[in-house]
Structure formats: structure tokens, C-alpha cells
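Here's the structure, in C-alpha cells; my notes come after.
The values are calculated or read from the model by the stated rules, or taken from the named source; none is laboratory data. It should be emphasised that the depicted structure is a prediction, and the values quoted were computed from it without experimental measurement. Cβ placement follows ideal geometry from the backbone for every residue including glycine, while neighbour counts extend to all protein chains displayed.
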Amino acid sequence: MASATRSQRSRRIPWLVVAGVLVAAVSMRGPIVAPTPVLGDIANDLVLTASAAGLITTVPVLMFAILTPLAALVVRRAGAETAVLLTLSGVLLGTLVRSLPGFGGMLAGMLIIGAAITVGNVVMPVIIRLDVPGERVAIVTAAYTAMLNLGSLLTSLGTAPLAAMIGWPLALLAWGVLALGGLALWGVHMRRDRGARSWAQHDSGESGAHPPAVTGPQQTVDELTGPMPVVRAAHAGERPAWRIPVAWMLAGAFGMQSFAYYGISTWLPTFLADTLGTDQAGAGALASMFQGFGIAGAFLVPLLARFGSPIVPALVICGCWLTMALGLLLAPSLFLIWVVFGGLGQAGGFVVIFTTLVRIARGSGEAAGMSALVQGCGYVIAATSAPLVGLLHEVSGGWTLPMLIIVVAIAIFTVCVLSGVWAARRVDASTAA
């Protein structure tokens, strides 16, 4: 009896699943950020303008915008666990392709990476919802967000030193080991899971003659990924996403947040080398702090939400973002101060946006439709960031104008996210009444 109780407790948190999700998350941002510390070398070797070099990190973001509805269909058809394998396999394949000579190979590889990560963006919340106990979802989601930033931290910190030793093509190729690790761990989980289900069916006397009805996990997958197109209502009483005003506010907030994040992530090493006079490795190491403090930022919003209303973490996150943006514009020499605020803001902003989305959704189908609308519109905006910042730097010959654009984006983010959170409070109040 005691052993049975211990066994039940051990199954309450699927540690292998959680570990697989976290290791996979490391591979879902790092490949996009990896070229940024050596972007100057890439541009010189491939004879690229600054705006063309910005396309290297823009292509994956554009895939996020275009392929999110298709990714939802892939998850529904392939199943959540297989979709994770597809994500990791695609990241590995894209990493191999982008190591081929020429700008075409670079863009093709980043396109494959972006398409694969788009599937991962959709399926990871589904995996967490399916396998993690409800009371642990928030902390696992925060850990997942933190690991996204850890992947970016590792590649930001390590690419330039690796490139100095073996050249930037092999340095970028080396990060394929992250996807390999995720594939190995997730493969072990799937093998154990299928083995457990096989024994369960054998013990219950089930046969393959009559396929079971679509209930349980697959039904939940269908609800979370939504119908096609995913922006329409799925169930009675749920609203189409495009008719929900708060969804458009959150789409604007997500777009401006992502615009600032990808613009800063792409050009921060170059900005620091130009303004602080650091070498390539030093600039990459300093820029990695932007990702590093994001690990703490992922847990900041849940912590603040425990001690105040939802508007409190939103105000703190907006303040952090504005502090970094204005600091880089007005006093870049104090970067070590601004990066702390920026790291907390960039991770916390995502948590604020999607926590608000979940609060106002009337059901899983509505939440899926809103998520598709927010991410689809947001990533279209974000895709313009790196080329535009690079173009403004090239045209102006300095960083004042590009950083001013980042400040404007964060100001719009602040208005949108605070409006969305305030509107969500009114929805909560009306529901309670």
C-alpha cells in the first residue's frame, strides 16, 4: 500500500516530460539569436548591407506570423508528442542547412528553423496543459519561458568565442547539439509513454478492432490548437477573436514587445561594440546579459501577481522596458544598469500578455483563437524590426535614430498592455457581478 502511494505521487508530476519540454525550449530561441554576435563577420563575408543582414533573424519571425495557423493543424494531425519531435528535427535540419556556403543557404536554414519553432510555439503549451497537474502549470510555464531565455543566453555568450576558434559557420553549426539533446530526451519519453500505454491496454483487455472515440488528451489538443481558421469561435458562447477588442490591444502589445525584443537582440552586440568600443567576444558576452536577466524575468510576474492586482506586474514590466529603452538612447555607457531592467521586462512582458489573454477567454477554443490572432499580428510587426533598425543605422550612420524607434515601440507597448490589463479587470468585475 505504501509503495502504491509512493508510485502515485511519483506520477503526479511527469518529470521526464517536464525535462523534455525544458530541454526543447533551449533550442527554440537560441538558433535565432546565435548569428547576432557575429553578424558583422557574416555581413562582411557574404557582402551584405545592414538591412540584408537583419533578414537573417527576420526570416524565422516571419515564419511565426505566416505559419501559426498551419502549425496548429500539424499539431492536431500529428499529435502533440510527435509535433515536439518535428520541432527539434526541423531545428537540427535548419542548423545544418544554414552552415552551407552563401547567403541563400543561410536564409534557407533560418526559414526551416523558423517553421520548426512555429510548431514548437503552438505545441509546448499543449504539452504542459496535457501532462502537468493544474496547480503546477504556472510554474512549469515560467520555467519554460526561462529556458527560452537560457537558450538565447548560451548562444549569445558562446558564438563569438567559438567563431574565433573555428569560424562562424562551424560555430553556428555547433549549436545543433542542443537540438540533438532534446531529440534524445524526448525520444526516451515517447518510448516509455508508448510502452506504458501498451501495457495498460493489455491489462484492460483492449483490442485494436474498435478504435476509441476522440476523447481525453486528443480532445484537449483539438481544443487548445483550435479549428481552422483558428481565429473563429470553436464552441457556443465563445466569440471570434477578431471581435474581441482586448485581443487587438494584446496583439498591439505583443507586436511592439516583439519588435523591441528582436530589434535589440539582433543589433545589441554591434551597438555595444560601436558605442563602448568592446571587441566582438566582449560585446557578445555583454549582450548575453539581456537574455540572462530574462530568466529571472519569467518568474517576476507570477511573484508580483501574488501580492497585488494584475495591474501591478504590468506597471513594473512597462517601467522596466522603458528604463532600458531610454537608457540605451540617452546613456549607453551605463549599459550594465539598463540591461537588468530590459532583461526583466522582455521576459515578463510575454507572461503579462498571455496571462491576460487566458483571463478574458471564455473557453479553450476562444483562447486558441485569441492566441493565434495575437501571435499572427504581433509577429508580422516584429518581422520588420531587425531590417528597419539596420537600415536606420546605415542611413543615419549612428544609433540614435534606431534606439529612438525602439523607445517609440515600447511606449506603444505600454499603452496597449496597460489598456488590455485594465479592460481585463473590467471583464473580471462584470463576471463576478
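The table below lists the values:
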read-out: Sole residue being farther than 17 Å from C416 by Cα, modelled with pLDDT of 90 or more and part of a helix (DSSP H, G or I), chosen from G255, G263, G282; value: G263
read-out: All positions within region 259-280 that are small (G, A, S) and within 27 Å of M165 (Cβ to Cβ); value: S265, A273, G277
read-out: Search result, residues across region 296-317 that are crowded, with 21+ Cβ neighbours inside 10 Å and either of a type in the set (V, I, T) or closer than 25 Å to P60 by Cβ (or both); value: G297, A298, V301, I317
read-out: Inter-residue pairs, beta-carbon under 6 Å, first farther than 17 Å from N44 by Cα and in region 155-168, second hydroxyl-bearing (S, T, Y) and part of a helix (DSSP H, G or I), 6+ apart; value: S156/S288; L157/S288
read-out: Enumerated helices (runs of 4 or more DSSP H) restricted to region 1-50, each holding at least 3 residues that are more than 30 Å from P161 (Cβ to Cβ) and either at pLDDT below 90 or β-branched (V, I, T) (or both); value: 2-12, 15-26
read-out: Residues of region 91-131 classified as without any contact (Cβ under 8 Å) to a residue 40 or more places away in the chain and of a type in the set (A, V, I, L, M), total; value: 6
read-out: Meets criteria (surrounded by fewer than 20 Cβ atoms within 10 Å (Cβ to Cβ) and either of a type in the set (F, W, Y) or touching a Cys at 6+ places or on another chain (Cβ under 6 Å) (or both)) for F103; value: yes
read-out: Answer from L404, L322 - the residue that is surrounded by fewer than 17 Cβ atoms within 10 Å (Cβ to Cβ), of a type outside the set (F, W, Y) and modelled with pLDDT of 95 or more; value: L404
read-out: Candidate set: region 299-325, residues that are in a helix (DSSP H, G or I) and aromatic (F, W, Y); chosen: the one farthest from the chain's Cα centre (by Cα); value: W321
read-out: Odd one out for I360, checked against (1) over 26 Å from L153 (Cβ atoms); (2) surrounded by fewer than 19 Cβ atoms within 10 Å (Cβ to Cβ); (3) more than 19 Å from the chain's Cα centre (by Cα); (4) not acidic (D, E); value: (2)
read-out: Of all residues making up region 328-357, the number that are more than 19 Å from I405 (Cα to Cα) and either among the β-branched types (V, I, T) or crowded, with 16+ Cβ neighbours inside 10 Å (or both); value: 13
read-out: Unique match (being more than 30 Å from L46 (Cβ to Cβ), exposed (fewer than 11 other Cβ atoms within 10 Å of the Cβ) and either at pLDDT below 80 or charged (D, E, K, R) (or both)) among V221, V230, V214; value: V214
